[in-house]
Amino acid sequence: MAFEIKSSEDVSIPEVKQILEKRLSEGEVSDVVIRTYEYVRKFVKCSEEGVNKLKKFLKEKGFNDKTIAMILSICPTTVEELRTLLVFEDKSYDTSVLEEVVSEVKKYLVSEK
């Protein structure tokens, strides 16, 4: 089966999980979709409720989509971890803003399974 890419966007691991859950609920899916879902499910660090709230918060702070996807996927818990994810940003952020981001991320972390 040939696939055609019609569009692309940066999405985080939690968003991939949500997309795949929707596909799974719609019925018949391939083994690839099932295996991918099982894989990403293991790496989700942010609650479903938190994904949308954090994404909105990060957009309001001026982060670009690539950075937002990385933050939602990795859920940094220190400013140092967060700084390593800012490679796609065109501007720099004050430490106070980064501390605020880390604080918001920590609100929505899920416990280890």
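The values are calculated or read from the model by the stated rules, or taken from the named source; none is laboratory data. Everything numeric in this text was worked out from a predicted model, so none of it was measured. Cβ coordinates were reconstructed from backbone atoms using ideal geometry, including for glycine residues, and neighbour counts include every protein chain displayed.
Does Ile68 meet the test of being within 10 Å of the chain's Cα centre (by Cα), assigned to a helix (DSSP H, G or I) and of a type outside the set (Ser, Thr, Tyr)?
Yes.
Hey, among the residues in the stretch 22-42 that are in contact with a helix residue (DSSP H, G or I) (Cβ under 7 Å, 6 or more places away or on another chain) and over 17 Å from Phe3 (Cβ atoms), which one's surrounded by the most Cβ atoms within 10 Å (Cβ to Cβ)?
Val40
So Val11 clears everything in (1) out of contact with any Leu (no Cβ under 8 Å at 6 or more places or on another chain); (2) in a helix (DSSP H, G or I) except one condition, right? Which one?
In the conditions (1) out of contact with any Leu (no Cβ under 8 Å at 6 or more places or on another chain); (2) in a helix (DSSP H, G or I), Val11 misses (2) alone.
Considering Glu100, Glu48, Glu81, which residue is out of contact with any Leu (no Cβ under 8 Å at 6 or more places or on another chain), surrounded by 12 or more Cβ atoms within 10 Å (Cβ to Cβ) and either modelled with pLDDT under 95 or among the polar types (S, T, N, Q) (or both)?
Glu48
Of these, Val29, Val87, Val33, which one is under 20 Å from Ser8 (Cβ atoms), of a type in the set (Val, Ile, Thr), without any contact (Cβ under 8 Å) to a residue 40 or more places away in the chain and assigned to a loop (DSSP other than H, G, I, E, B)?
Val87
Residues checked against (1) touching a residue at least 24 places away in the same chain (Cβ under 8 Å); (2) exposed (fewer than 15 other Cβ atoms within 10 Å of the Cβ); (3) closer than 19 Å to Glu15 by Cα:
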{"residue": "Lys53", "(1), (2), (3)": "yes, yes, yes"}
{"residue": "Phe63", "(1), (2), (3)": "yes, no, yes"}
{"residue": "Ala69", "(1), (2), (3)": "yes, no, yes"}
{"residue": "Ser92", "(1), (2), (3)": "no, yes, no"}
{"residue": "Ser96", "(1), (2), (3)": "no, yes, no"}
{"residue": "Val105", "(1), (2), (3)": "yes, no, yes"}
{"residue": "Leu109", "(1), (2), (3)": "yes, yes, yes"}
